[in-house]
Each structure stands twice: as structure tokens, then as C-alpha cells.
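The values are calculated or read from the model by the stated rules, or taken from the named source; none is laboratory data. From a predicted model like this one, the values you see are computed outputs, not experimental measurements. Counting neighbours? That spans all protein chains shown, and the Cβs are built from the backbone with ideal geometry, glycine included. Side chains included, ligands, DNA and RNA excluded: accessible areas come from the protein's heavy atoms. Shrake-Rupley method; radii C 1.70, N 1.55, O 1.52, S 1.80 Å.
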Amino acid sequence: MALLPILTYPDPRLHTVAKPVIDFDDALRSFVADMIETMYHANGIGLAATQVNVHKRLVVVDTSETRDQAMVLINPEITWASADKQLGDEGCLSVPGIYDGVERAVAIKVKAQDDHGRWRQIDASGTQAVCIQHEMDHLLGKVFVEYLSPLKRNRIKTKMLKAQREAERA
Ligand code: NI
């Protein structure tokens, strides 16, 4: 297994739209294992392939407290979302140190394939529902800061670029 480098906002590659996964082979399963290892190592509750510059429709999530319930969602589709929405603070491994409010459906039903291509349905609510919606946005090239006002977004962009310049200099 290997840790994968995570792209940082405003890297333009984060805006790439992912393509469906077609081959459910050993290479895919090895990539899924790397994704899970990378998510745990970064203390994240979710990671989309887009964030490691692989533009395939694949996300991993684990919102359990025990950090041993990793789930892979391949070619995920939301088949139902509650009309009930809630505003909650979100963060992202691609936007380190930034947390801000985003409105999301409180509960969702998602259809997705596992790493052997088997379809199943996931009923998610609370943090898990928010996390899946956040990760699926990545597959469409969307980062959560795009829900914020242009003013806030520009401030975050400036802050990220400054931090990246400082990291390069260090
Ligand atoms: Ni994210």
C-alpha cells in the first residue's frame, strides 16, 4: 500500500469531472486500499479519487468513531435525498484548516458499486450523509468552498496560495 499525494485548493485539477469506473480489477482494488490508507493517515472521514488526481467515480468514506468501517462507493448515484436540509460546518483534506457552513440534505439513499462491481444501496443520514454528498461533489469537480460567498472563497484562495508559497520556501 502507499500514501497518495492530495491536491490542494485552488489546484485546477480539483475541477476535473470524473469518469465512470469500468474495470473492477486488482489494480482498482489496490488503488482503493491506497485511498483508504491515505484517508486514515490524513485523519479524514472521506476522500474522493479526484483529490489524488485520479479522475474516476470513486470515493471512500468512514464516519465511524472506531475508524475501522471504511466503505468504498464506486460510480455512486444519489437515488433519493430528503427535502429536509441542514447547515453544518464542513472541512476538506484539499482545503486544510478551513471549516465553513454548507447546506446539505439530512438523509440520502445512494446506489453504488463495491470494488468487485457489486451494486448495493446505502441509506445514510447525519455526518455520513453529509460526507457522501461532499465527496460526490468532488467527482463533479466541485470543492465545498464553491458554496460559500465569492468574498469568502477569494479570502480562502488567497490564504491557501500564501500557505503553499510558505511551504515551498520552508
Ligand atoms: Ni473534500
Region 55-170, relative contact order [Cα under 8 Å, separation at least 6], %: 22
Whenever you get a sec, line up Leu58, Leu161 from highest to lowest accessible area (probe 1.4 Å, protein heavy atoms). Leu161, Leu58
Nearest-0.05 FRET efficiency for Arg118 and Ala83 at R0 = 35 Å, using Cβ-Cβ distance, is 0.70
What distance in nm lies between label points placed 7 Å from Cα along the C-beta direction at Lys142 and Ile22? 2.7
Surrounding net charge for Val143, when Lys and Arg each add one and Asp and Glu each subtract one, Cβ distance under 12 Å: -2
For Lys56, other-chain or 5+-apart residues with amide H closer than 5 Å (H placed, Pro excluded) are Lys19, Thr50
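Using helices alone, I'd like the mean residue ellipticity at 222 nm for the chain: each DSSP H run of four-plus residues gives -39500 (n - 2.57), total over residue count, nearest 500.
After summing the helix terms and dividing by the residues of the chain, the value is -10000 deg cm²/dmol.
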Heavy-atom accessible area order for His15, His138, largest first, 1.4 Å probe: His15, His138
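For the chain, what is the charge dipole size about the Cα centre, in debye to the nearest 20, if Lys and Arg each add +1 at the Cβ and Asp and Glu each add -1 at the Cβ? Walk me through the numbers before you get to the answer.
Details: 21 positive and 23 negative charges, 144 e Å.
Using Cβ point charges on Lys, Arg, Asp and Glu, the chain gives about 700 debye.
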Applied in sequence order to region 76-88, the curve 6.51 cos²θ - 1.76 cosθ + 1.60 (Karplus, θ = phi - 60°) yields integer Hz couplings, x standing for Gly and Pro, of x, 9, 7, 9, 7, 9, 5, 5, 6, 10, 9, 8, x
Accessible area (Å², per residue) of the chain, counting only protein heavy atoms and a probe of 1.4 Å: 54
Quick one, could you list the DSSP H helices from the chain stretching 15 Å or more along their long axis (Cα atoms) with average Kyte-Doolittle hydropathy of -1.0 or above? 26-41, 126-139
Ignoring ligands and nucleic acids, what accessible area does Thr79 show with a 1.4 Å probe (Å², nearest 10)? 80
For Cα pairs less than 8 Å apart in space and 6+ apart in sequence, what is the mean separation divided by the residue count of region 1-103, i.e. the relative contact order in percent? 27
Please figure out what share of the DSSP beta bridges in the chain is antiparallel and state it in percent, rounded to the nearest 5. 95
